[in-house]
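The values are calculated or read from the model by the stated rules, or taken from the named source; none is laboratory data. In this text, all values refer to a predicted model and were calculated from it rather than measured experimentally. Cβ placement follows ideal geometry from the backbone for every residue including glycine, while neighbour counts extend to all protein chains displayed. Side chains are part of the model used for accessible areas, which takes the heavy atoms of the whole protein and leaves out ligands, DNA and RNA. Shrake-Rupley method; radii C 1.70, N 1.55, O 1.52, S 1.80 Å.
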Amino acid sequence: MRKIFLLLLSALILVPLPSGTGQRYTFDDLMSAIESSNTDIRKSDQEILESHYDTLDAKGAYTPTIDLLLTGTYMANPSLGPIKVSPSDVKGLPDIMASVWTDPIDVSMKMDNNRVQGQLTLTQPIYTWGKISNAVKLYETVESLRTMERNDKLDQKETELRTRLDALYWMGEIYDLLDSIDETADRLISIAETGKENGMLLEEDVLDAKIQQRQSDVARRELDSQYSAVIEGLRTLTGIPDLSPDMIDYTPDTSLYDSILSMDSEEIKSMAVSPDSLPLRMLSGMGDVQEYRKNIAKGSIYGLPDIALQVSASYGGVIDSNWLDSDTWGVNITLALTTNLWDGGKKLNDIKRAESGIKSAELDYEAAVRTIEENAVSAYNEAMLSMEKIEYLEAKADLNDSKIAKEERRLELGTSSESDVLTMKLDSLQNESELLSERIKLSASVSTLMYLTSSGMNQPLITDGTV
(Lines give C-alpha, C1' and ligand atoms only; values in the text may rest on other atoms or scores of the structure.)
Protein backbone atom coordinates (compact mmCIF):
# COMPACT_ATOMS: atom_id res chain seq x y z
CA MET A 1 0.00 0.00 0.00
CA ARG A 2 2.84 2.42 0.80
CA LYS A 3 4.15 1.87 -2.72
CA ILE A 4 0.79 2.87 -4.11
CA PHE A 5 0.72 6.16 -2.28
CA LEU A 6 4.33 6.86 -3.12
CA LEU A 7 3.17 6.65 -6.73
CA LEU A 8 0.54 9.25 -5.86
CA LEU A 9 3.20 11.43 -4.26
CA SER A 10 5.43 11.24 -7.34
CA ALA A 11 2.48 12.09 -9.57
CA LEU A 12 1.79 15.24 -7.59
CA ILE A 13 5.45 16.27 -7.67
CA LEU A 14 5.05 16.45 -11.45
CA VAL A 15 2.64 19.32 -10.86
CA PRO A 16 4.80 22.49 -10.45
CA LEU A 17 4.01 24.57 -7.36
CA PRO A 18 3.82 28.35 -8.20
CA SER A 19 5.16 30.88 -6.73
CA GLY A 20 -14.81 32.04 3.09
CA THR A 21 -16.91 34.11 0.86
CA GLY A 22 -19.41 31.33 0.34
CA GLN A 23 -18.98 31.80 -3.41
CA ARG A 24 -18.62 28.80 -5.70
CA TYR A 25 -15.91 29.24 -8.31
CA THR A 26 -16.08 27.52 -11.68
CA PHE A 27 -13.05 26.99 -13.89
CA ASP A 28 -13.87 30.15 -15.87
CA ASP A 29 -14.28 32.13 -12.64
CA LEU A 30 -10.83 31.04 -11.48
CA MET A 31 -9.30 31.91 -14.85
CA SER A 32 -10.82 35.39 -14.61
CA ALA A 33 -9.31 35.71 -11.14
CA ILE A 34 -5.90 34.70 -12.51
CA GLU A 35 -6.08 37.26 -15.30
CA SER A 36 -7.00 40.08 -12.93
CA SER A 37 -5.12 39.13 -9.73
CA ASN A 38 -2.16 36.88 -10.50
CA THR A 39 1.08 38.77 -9.84
CA ASP A 40 2.90 37.33 -12.87
CA ILE A 41 0.08 38.40 -15.21
CA ARG A 42 -0.21 41.83 -13.61
CA LYS A 43 3.53 42.35 -13.94
CA SER A 44 3.34 41.38 -17.61
CA ASP A 45 0.58 43.96 -18.09
CA GLN A 46 2.90 46.65 -16.72
CA GLU A 47 5.75 45.48 -18.96
CA ILE A 48 3.45 45.76 -21.98
CA LEU A 49 2.53 49.30 -20.90
CA GLU A 50 6.20 50.24 -20.55
CA SER A 51 6.94 48.82 -24.01
CA HIS A 52 4.03 50.82 -25.43
CA TYR A 53 5.53 54.04 -24.09
CA ASP A 54 8.90 53.04 -25.56
CA THR A 55 7.16 52.69 -28.93
CA LEU A 56 5.59 56.13 -28.58
CA ASP A 57 9.01 57.58 -27.73
CA ALA A 58 10.49 56.01 -30.86
CA LYS A 59 7.69 57.39 -33.06
CA GLY A 60 8.19 60.79 -31.45
CA ALA A 61 11.56 61.00 -33.24
CA TYR A 62 9.65 61.59 -36.50
CA THR A 63 8.32 64.89 -35.15
CA PRO A 64 10.32 68.10 -34.54
CA THR A 65 11.79 68.94 -31.17
CA ILE A 66 11.10 72.44 -29.87
CA ASP A 67 13.38 73.99 -27.24
CA LEU A 68 12.91 77.30 -25.46
CA LEU A 69 15.57 79.16 -23.49
CA LEU A 70 14.74 82.25 -21.44
CA THR A 71 17.13 84.15 -19.15
CA GLY A 72 16.76 87.28 -17.08
CA THR A 73 19.56 89.47 -15.68
CA TYR A 74 19.56 92.19 -13.05
CA MET A 75 22.50 94.63 -12.97
CA ALA A 76 22.97 96.85 -9.90
CA ASN A 77 25.01 99.49 -11.80
CA PRO A 78 24.40 99.17 -15.51
CA SER A 79 25.98 102.56 -16.50
CA LEU A 80 29.01 102.41 -18.74
CA GLY A 81 31.08 105.56 -19.14
CA PRO A 82 32.11 108.17 -19.59
CA ILE A 83 33.71 106.82 -22.76
CA LYS A 84 35.06 109.31 -25.30
CA VAL A 85 36.80 108.57 -28.58
CA SER A 86 39.17 111.17 -30.14
CA PRO A 87 40.46 111.18 -33.73
CA SER A 88 43.87 110.30 -32.44
CA ASP A 89 42.47 107.06 -30.95
CA VAL A 90 41.68 105.72 -34.42
CA LYS A 91 44.68 104.48 -36.34
CA GLY A 92 44.75 104.97 -40.08
CA LEU A 93 42.01 107.58 -40.09
CA PRO A 94 41.85 109.24 -43.53
CA ASP A 95 42.93 112.90 -43.65
CA ILE A 96 39.53 113.99 -44.86
CA MET A 97 37.90 112.42 -41.80
CA ALA A 98 40.51 113.94 -39.49
CA SER A 99 39.75 117.40 -40.85
CA VAL A 100 36.02 116.96 -40.15
CA TRP A 101 36.27 115.08 -36.84
CA THR A 102 38.11 117.32 -34.46
CA ASP A 103 36.33 116.96 -31.12
CA PRO A 104 36.06 113.77 -29.03
CA ILE A 105 32.81 111.80 -29.36
CA ASP A 106 31.00 110.52 -26.22
CA VAL A 107 30.06 106.82 -26.75
CA SER A 108 28.91 106.18 -23.15
CA MET A 109 25.71 104.08 -22.82
CA LYS A 110 23.01 104.13 -20.20
CA MET A 111 21.60 100.63 -19.68
CA ASP A 112 18.49 99.53 -17.81
CA ASN A 113 18.90 97.36 -14.75
CA ASN A 114 16.82 94.48 -16.21
CA ARG A 115 17.68 92.61 -19.37
CA VAL A 116 16.12 89.50 -20.91
CA GLN A 117 17.37 87.01 -23.46
CA GLY A 118 15.43 84.25 -25.17
CA GLN A 119 15.81 81.69 -27.91
CA LEU A 120 13.24 79.34 -29.51
CA THR A 121 14.72 76.48 -31.53
CA LEU A 122 12.90 73.94 -33.73
CA THR A 123 14.83 70.91 -35.01
CA GLN A 124 13.29 68.53 -37.57
CA PRO A 125 15.11 65.37 -38.71
CA ILE A 126 14.95 65.03 -42.49
CA TYR A 127 16.92 61.87 -43.23
CA THR A 128 18.61 59.47 -40.80
CA TRP A 129 19.42 56.45 -42.99
CA GLY A 130 16.56 54.43 -41.53
CA LYS A 131 17.63 54.74 -37.90
CA ILE A 132 14.30 56.21 -36.80
CA SER A 133 12.08 53.85 -38.80
CA ASN A 134 14.05 50.80 -37.67
CA ALA A 135 13.91 51.96 -34.06
CA VAL A 136 10.13 52.25 -34.35
CA LYS A 137 9.88 48.73 -35.78
CA LEU A 138 12.18 47.42 -33.06
CA TYR A 139 10.07 48.83 -30.24
CA GLU A 140 6.82 47.79 -31.92
CA THR A 141 8.21 44.27 -32.10
CA VAL A 142 9.27 44.34 -28.45
CA GLU A 143 5.79 45.53 -27.47
CA SER A 144 4.24 42.70 -29.47
CA LEU A 145 6.64 40.20 -27.89
CA ARG A 146 5.65 41.42 -24.43
CA THR A 147 2.01 40.87 -25.34
CA MET A 148 2.71 37.36 -26.60
CA GLU A 149 4.75 36.62 -23.49
CA ARG A 150 1.77 37.66 -21.39
CA ASN A 151 -0.56 35.42 -23.40
CA ASP A 152 1.87 32.53 -23.08
CA LYS A 153 2.03 33.01 -19.32
CA LEU A 154 -1.76 32.96 -19.23
CA ASP A 155 -1.76 29.68 -21.19
CA GLN A 156 0.69 28.24 -18.67
CA LYS A 157 -1.48 29.41 -15.78
CA GLU A 158 -4.50 27.77 -17.40
CA THR A 159 -2.57 24.51 -17.72
CA GLU A 160 -1.43 24.74 -14.12
CA LEU A 161 -4.97 25.53 -12.94
CA ARG A 162 -6.49 22.56 -14.75
CA THR A 163 -3.78 20.21 -13.46
CA ARG A 164 -4.20 21.38 -9.87
CA LEU A 165 -8.00 21.20 -9.98
CA ASP A 166 -7.86 17.70 -11.46
CA ALA A 167 -5.44 16.62 -8.73
CA LEU A 168 -7.64 18.19 -6.06
CA TYR A 169 -10.70 16.31 -7.33
CA TRP A 170 -8.99 12.91 -7.55
CA MET A 171 -7.33 13.41 -4.17
CA GLY A 172 -10.78 13.97 -2.68
CA GLU A 173 -11.75 10.58 -4.11
CA ILE A 174 -8.66 9.06 -2.50
CA TYR A 175 -9.69 10.46 0.89
CA ASP A 176 -12.96 8.53 0.56
CA LEU A 177 -10.99 5.37 -0.25
CA LEU A 178 -8.76 5.90 2.77
CA ASP A 179 -11.84 6.07 4.99
CA SER A 180 -13.00 2.73 3.58
CA ILE A 181 -9.49 1.27 3.99
CA ASP A 182 -9.43 2.37 7.64
CA GLU A 183 -12.80 0.76 8.32
CA THR A 184 -11.72 -2.46 6.64
CA ALA A 185 -8.37 -2.48 8.46
CA ASP A 186 -10.07 -1.87 11.80
CA ARG A 187 -12.39 -4.79 11.21
CA LEU A 188 -9.46 -7.02 10.24
CA ILE A 189 -7.60 -6.07 13.42
CA SER A 190 -10.67 -6.88 15.50
CA ILE A 191 -11.05 -10.27 13.83
CA ALA A 192 -7.32 -11.00 14.17
CA GLU A 193 -7.30 -10.12 17.87
CA THR A 194 -10.38 -12.25 18.51
CA GLY A 195 -8.85 -15.13 16.58
CA LYS A 196 -5.64 -14.84 18.59
CA GLU A 197 -7.57 -14.97 21.86
CA ASN A 198 -9.36 -18.08 20.62
CA GLY A 199 -6.11 -19.62 19.47
CA MET A 200 -7.19 -19.56 15.84
CA LEU A 201 -4.65 -16.94 14.66
CA LEU A 202 -1.07 -16.08 15.47
CA GLU A 203 0.44 -12.83 16.77
CA GLU A 204 1.89 -12.27 13.29
CA ASP A 205 -1.65 -12.10 11.86
CA VAL A 206 -2.55 -9.33 14.30
CA LEU A 207 0.66 -7.43 13.52
CA ASP A 208 0.03 -7.77 9.78
CA ALA A 209 -3.42 -6.21 10.16
CA LYS A 210 -2.04 -3.37 12.31
CA ILE A 211 0.77 -2.69 9.82
CA GLN A 212 -1.79 -2.31 7.04
CA GLN A 213 -3.67 0.19 9.20
CA ARG A 214 -0.40 2.00 9.95
CA GLN A 215 0.37 2.22 6.24
CA SER A 216 -3.02 3.82 5.72
CA ASP A 217 -2.21 6.42 8.40
CA VAL A 218 1.13 7.26 6.76
CA ALA A 219 -0.55 7.49 3.36
CA ARG A 220 -3.16 9.86 4.79
CA ARG A 221 -0.49 12.17 6.22
CA GLU A 222 1.34 12.19 2.89
CA LEU A 223 -1.92 12.96 1.16
CA ASP A 224 -2.69 15.74 3.65
CA SER A 225 0.65 17.38 2.87
CA GLN A 226 0.13 17.21 -0.89
CA TYR A 227 -3.50 18.30 -0.63
CA SER A 228 -2.48 21.34 1.41
CA ALA A 229 0.26 22.19 -1.12
CA VAL A 230 -2.24 22.05 -3.99
CA ILE A 231 -4.65 24.34 -2.16
CA GLU A 232 -1.90 26.84 -1.32
CA GLY A 233 -0.75 26.74 -4.92
CA LEU A 234 -4.30 27.49 -6.11
CA ARG A 235 -4.51 30.46 -3.73
CA THR A 236 -1.27 31.88 -5.05
CA LEU A 237 -2.25 31.14 -8.64
CA THR A 238 -5.69 32.77 -8.48
CA GLY A 239 -4.91 35.55 -6.02
CA ILE A 240 -7.81 34.38 -3.79
CA PRO A 241 -6.20 34.08 -0.34
CA ASP A 242 -9.11 32.33 1.37
CA LEU A 243 -9.86 29.82 -1.40
CA SER A 244 -10.92 26.45 -0.01
CA PRO A 245 -11.97 23.14 -1.66
CA ASP A 246 -15.64 23.61 -0.78
CA MET A 247 -15.61 26.90 -2.73
CA ILE A 248 -14.61 25.18 -5.99
CA ASP A 249 -17.20 23.86 -8.43
CA TYR A 250 -15.17 21.65 -10.75
CA THR A 251 -15.21 18.16 -12.23
CA PRO A 252 -12.42 16.92 -14.56
CA ASP A 253 -13.38 16.88 -18.23
CA THR A 254 -12.05 13.51 -19.33
CA SER A 255 -13.29 14.09 -22.89
CA LEU A 256 -10.21 16.29 -23.32
CA TYR A 257 -8.09 13.18 -22.94
CA ASP A 258 -9.76 11.45 -25.88
CA SER A 259 -9.40 14.45 -28.20
CA ILE A 260 -5.68 14.94 -27.57
CA LEU A 261 -4.75 11.26 -27.39
CA SER A 262 -6.62 10.38 -30.60
CA MET A 263 -3.56 11.72 -32.45
CA ASP A 264 -0.29 9.87 -32.82
CA SER A 265 3.06 11.16 -31.56
CA GLU A 266 4.09 12.60 -34.94
CA GLU A 267 0.92 14.69 -35.15
CA ILE A 268 1.47 15.90 -31.60
CA LYS A 269 5.07 16.79 -32.36
CA SER A 270 4.13 18.61 -35.56
CA MET A 271 1.51 20.71 -33.77
CA ALA A 272 3.85 21.48 -30.90
CA VAL A 273 6.53 22.98 -33.18
CA SER A 274 4.11 24.89 -35.40
CA PRO A 275 5.48 28.34 -36.28
CA ASP A 276 2.17 29.73 -35.00
CA SER A 277 2.86 28.57 -31.44
CA LEU A 278 3.49 31.43 -29.05
CA PRO A 279 6.91 30.24 -27.79
CA LEU A 280 8.29 29.91 -31.33
CA ARG A 281 6.71 33.17 -32.47
CA MET A 282 8.41 34.90 -29.55
CA LEU A 283 11.77 33.43 -30.49
CA SER A 284 11.25 34.40 -34.11
CA GLY A 285 10.43 37.92 -32.97
CA MET A 286 13.68 38.07 -31.01
CA GLY A 287 15.49 37.43 -34.28
CA ASP A 288 13.60 40.36 -35.83
CA VAL A 289 14.66 42.59 -32.95
CA GLN A 290 18.30 41.74 -33.58
CA GLU A 291 17.82 42.41 -37.31
CA TYR A 292 16.49 45.90 -36.55
CA ARG A 293 19.43 46.49 -34.21
CA LYS A 294 21.74 45.63 -37.07
CA ASN A 295 19.94 48.03 -39.43
CA ILE A 296 20.21 50.83 -36.87
CA ALA A 297 23.93 50.14 -36.44
CA LYS A 298 24.48 50.15 -40.22
CA GLY A 299 22.64 53.49 -40.44
CA SER A 300 25.10 54.93 -37.93
CA ILE A 301 28.26 53.84 -39.76
CA TYR A 302 31.05 56.32 -40.37
CA GLY A 303 30.51 58.97 -43.03
CA LEU A 304 26.71 58.63 -43.32
CA PRO A 305 25.43 62.11 -42.46
CA ASP A 306 22.16 62.70 -40.68
CA ILE A 307 20.33 65.67 -42.19
CA ALA A 308 18.19 67.99 -40.09
CA LEU A 309 16.54 71.39 -40.45
CA GLN A 310 16.91 73.85 -37.58
CA VAL A 311 15.01 77.12 -37.23
CA SER A 312 15.78 79.43 -34.31
CA ALA A 313 14.49 82.82 -33.21
CA SER A 314 16.35 84.84 -30.55
CA TYR A 315 16.10 88.16 -28.73
CA GLY A 316 18.24 89.96 -26.21
CA GLY A 317 17.59 93.35 -24.66
CA VAL A 318 14.80 95.25 -22.97
CA ILE A 319 11.14 94.65 -23.67
CA ASP A 320 9.66 98.01 -24.64
CA SER A 321 7.53 99.49 -27.37
CA ASN A 322 10.49 99.71 -29.78
CA TRP A 323 11.86 96.21 -29.34
CA LEU A 324 11.00 95.23 -32.91
CA ASP A 325 13.06 98.16 -34.21
CA SER A 326 16.13 97.12 -32.26
CA ASP A 327 18.87 95.01 -33.77
CA THR A 328 19.00 92.55 -30.87
CA TRP A 329 16.56 89.93 -32.29
CA GLY A 330 17.00 87.58 -35.20
CA VAL A 331 15.78 84.46 -37.04
CA ASN A 332 18.16 81.79 -38.35
CA ILE A 333 17.36 78.89 -40.70
CA THR A 334 20.00 76.15 -40.75
CA LEU A 335 20.35 72.93 -42.73
CA ALA A 336 22.72 70.73 -40.76
CA LEU A 337 24.62 67.58 -41.69
CA THR A 338 26.29 65.63 -38.92
CA THR A 339 28.25 62.41 -39.03
CA ASN A 340 30.84 60.51 -37.08
CA LEU A 341 34.08 59.79 -38.91
CA TRP A 342 35.74 57.54 -36.34
CA ASP A 343 35.16 56.45 -32.75
CA GLY A 344 37.68 53.68 -32.30
CA GLY A 345 35.58 51.10 -34.16
CA LYS A 346 32.58 51.10 -31.79
CA LYS A 347 30.05 51.38 -34.60
CA LEU A 348 31.62 48.47 -36.48
CA ASN A 349 31.43 46.47 -33.27
CA ASP A 350 27.72 47.38 -32.97
CA ILE A 351 27.10 45.77 -36.36
CA LYS A 352 29.06 42.67 -35.47
CA ARG A 353 27.33 42.47 -32.11
CA ALA A 354 23.92 42.61 -33.81
CA GLU A 355 24.98 39.91 -36.29
CA SER A 356 26.01 37.74 -33.37
CA GLY A 357 22.63 38.39 -31.75
CA ILE A 358 20.87 37.26 -34.95
CA LYS A 359 22.85 34.03 -34.96
CA SER A 360 22.13 33.46 -31.26
CA ALA A 361 18.41 33.96 -31.90
CA GLU A 362 18.53 31.37 -34.68
CA LEU A 363 20.29 28.89 -32.40
CA ASP A 364 17.77 29.57 -29.62
CA TYR A 365 14.97 28.84 -32.06
CA GLU A 366 16.55 25.56 -33.16
CA ALA A 367 17.17 24.52 -29.55
CA ALA A 368 13.60 25.41 -28.58
CA VAL A 369 12.19 23.30 -31.42
CA ARG A 370 14.19 20.28 -30.24
CA THR A 371 13.22 20.84 -26.61
CA ILE A 372 9.52 21.23 -27.46
CA GLU A 373 9.59 18.09 -29.59
CA GLU A 374 11.27 16.19 -26.79
CA ASN A 375 8.78 17.42 -24.19
CA ALA A 376 5.82 16.70 -26.46
CA VAL A 377 6.93 13.14 -27.17
CA SER A 378 7.74 12.55 -23.50
CA ALA A 379 4.36 13.86 -22.33
CA TYR A 380 2.60 11.85 -25.03
CA ASN A 381 4.36 8.64 -24.04
CA GLU A 382 3.62 9.25 -20.37
CA ALA A 383 -0.04 9.89 -21.17
CA MET A 384 -0.31 6.74 -23.26
CA LEU A 385 1.38 4.73 -20.51
CA SER A 386 -1.03 6.12 -17.94
CA MET A 387 -3.95 5.25 -20.23
CA GLU A 388 -2.71 1.66 -20.50
CA LYS A 389 -2.26 1.43 -16.74
CA ILE A 390 -5.74 2.83 -16.17
CA GLU A 391 -7.25 0.27 -18.57
CA TYR A 392 -5.34 -2.48 -16.77
CA LEU A 393 -6.37 -1.26 -13.30
CA GLU A 394 -10.00 -0.88 -14.39
CA ALA A 395 -10.00 -4.44 -15.69
CA LYS A 396 -8.40 -5.56 -12.45
CA ALA A 397 -11.07 -3.69 -10.48
CA ASP A 398 -13.80 -5.53 -12.38
CA LEU A 399 -12.05 -8.80 -11.65
CA ASN A 400 -11.71 -7.89 -7.97
CA ASP A 401 -15.42 -7.10 -7.77
CA SER A 402 -16.20 -10.50 -9.27
CA LYS A 403 -13.86 -12.26 -6.86
CA ILE A 404 -15.30 -10.42 -3.85
CA ALA A 405 -18.83 -11.35 -4.90
CA LYS A 406 -17.85 -15.02 -5.16
CA GLU A 407 -16.03 -14.90 -1.81
CA GLU A 408 -19.08 -13.34 -0.15
CA ARG A 409 -21.26 -16.19 -1.49
CA ARG A 410 -18.75 -18.68 -0.11
CA LEU A 411 -18.95 -16.85 3.23
CA GLU A 412 -22.71 -17.28 3.21
CA LEU A 413 -22.22 -20.99 2.54
CA GLY A 414 -19.70 -21.24 5.35
CA THR A 415 -16.76 -22.18 3.14
CA SER A 416 -14.91 -18.87 3.65
CA SER A 417 -14.16 -16.44 6.45
CA GLU A 418 -14.91 -12.77 6.94
CA SER A 419 -11.19 -12.02 7.16
CA ASP A 420 -10.68 -13.50 3.69
CA VAL A 421 -13.46 -11.28 2.32
CA LEU A 422 -12.05 -8.19 4.06
CA THR A 423 -8.54 -8.95 2.77
CA MET A 424 -9.88 -9.10 -0.78
CA LYS A 425 -11.78 -5.84 -0.27
CA LEU A 426 -8.63 -4.21 1.06
CA ASP A 427 -6.70 -5.31 -2.04
CA SER A 428 -9.52 -3.91 -4.19
CA LEU A 429 -9.42 -0.55 -2.41
CA GLN A 430 -5.67 -0.35 -2.84
CA ASN A 431 -6.12 -1.06 -6.54
CA GLU A 432 -8.63 1.81 -6.77
CA SER A 433 -6.14 4.10 -5.04
CA GLU A 434 -3.51 3.26 -7.60
CA LEU A 435 -6.08 3.87 -10.34
CA LEU A 436 -6.78 7.39 -9.02
CA SER A 437 -3.07 8.19 -8.76
CA GLU A 438 -2.71 7.23 -12.43
CA ARG A 439 -5.57 9.59 -13.29
CA ILE A 440 -3.63 12.43 -11.65
CA LYS A 441 -0.54 11.57 -13.70
CA LEU A 442 -2.65 11.33 -16.86
CA SER A 443 -4.15 14.75 -16.17
CA ALA A 444 -0.68 16.32 -15.82
CA SER A 445 0.52 14.75 -19.09
CA VAL A 446 -2.59 15.69 -21.07
CA SER A 447 -2.56 19.26 -19.74
CA THR A 448 1.07 19.57 -20.83
CA LEU A 449 0.18 18.30 -24.30
CA MET A 450 -2.72 20.75 -24.55
CA TYR A 451 -0.38 23.63 -23.72
CA LEU A 452 2.32 22.49 -26.16
CA THR A 453 -0.10 22.03 -29.05
CA SER A 454 -2.07 25.25 -28.59
CA SER A 455 -1.31 27.91 -31.21
CA GLY A 456 -2.33 30.88 -29.10
CA MET A 457 -3.51 34.15 -30.53
CA ASN A 458 -2.80 34.94 -34.19
CA GLN A 459 -1.26 38.31 -33.55
CA PRO A 460 1.04 40.18 -35.99
CA LEU A 461 4.57 40.69 -34.81
CA ILE A 462 5.13 44.23 -36.04
CA THR A 463 3.42 47.28 -37.45
CA ASP A 464 5.71 48.82 -40.05
CA GLY A 465 6.73 52.42 -39.59
CA THR A 466 7.56 54.79 -42.41
CA VAL A 467 11.04 55.74 -43.48
Residue-wise HN-Hα coupling along the stretch 269-278, computed from phi with Karplus coefficients 6.51, -1.76, 1.60 (Hz; x: Gly, Pro): 5, 5, 5, 5, 9, 5, x, 7, 5, 4
Solvent-accessible area per residue, Å², over the stretch 214-361 with all protein chains present [probe radius 1.4 Å]: 54 Å²
Among the listed pairs 59/359; 298/359; 43/137, those beyond 20 Å (Cα-Cα): 59/359; 43/137
Per-selection Kirkwood Rh - the stretch 261-395 (Cα, Å, 1 d.p.): 21.3 Å
Simple label model, 7 Å out from Cα along Cβ direction - residue 211 to residue 52, nm: 6.6 nm
Anchor residue 84: lysines whose Cα lies under 19 Å away (excluding residues fewer than 8 positions away in-chain): 110
Of all accessible heavy-atom area on the stretch 299-403, the percent that carbon and sulfur account for (1.4 Å): 55 percent
Added length on full extension, which subtracts the Cα-Cα distance from 0.36 nm per residue, residue 391 to residue 232: 54.0 nm
Those lysines that a straight Cα-Cα span of less than 16 Å connects to residue 406, excepting residues fewer than 8 apart in one chain: 396, 425
Listed residues 229, 212, 175: farthest to the positive end of the dipole of the stretch 132-272 (Cβ charges): 229
Top positive-direction residue, dipole computed over the stretch 24-75 with Cβ charges, set 74, 62, 38: 74
Ordering of 299-308, 146-155 by burial proxy (mean other Cβ atoms within 10 Å per residue, highest first): 146-155, 299-308
Calculated FRET efficiency for the pair residue 340/residue 374, C-beta based, R₀ 60 Å, to 0.05: 0.80
The stretch 214-317: GluC sites (Glu not before Pro) falling in loop per DSSP and having at most 12 other Cβ within 10 Å: none
Gain on full stretching of the segment that runs from residue 176 to residue 251 - 0.36 nm per residue minus C-alpha separation: 25.4 nm
For the stretch 376-455: accessible area per residue (Å², 1.4 Å): 48 Å²
Scaled radius of gyration (Cα, divided by 2.2 N^0.38 Å) that the stretch 399-458 gives: 1.97
Inter-label distance for residue 43 and residue 91, nm, one decimal - labels placed 7 Å from Cα along Cα-to-Cβ: 7.6 nm
Pairwise FRET efficiency - residue 412 versus residue 194, Cβ, R0 = 30 Å, nearest 0.05: 0.90
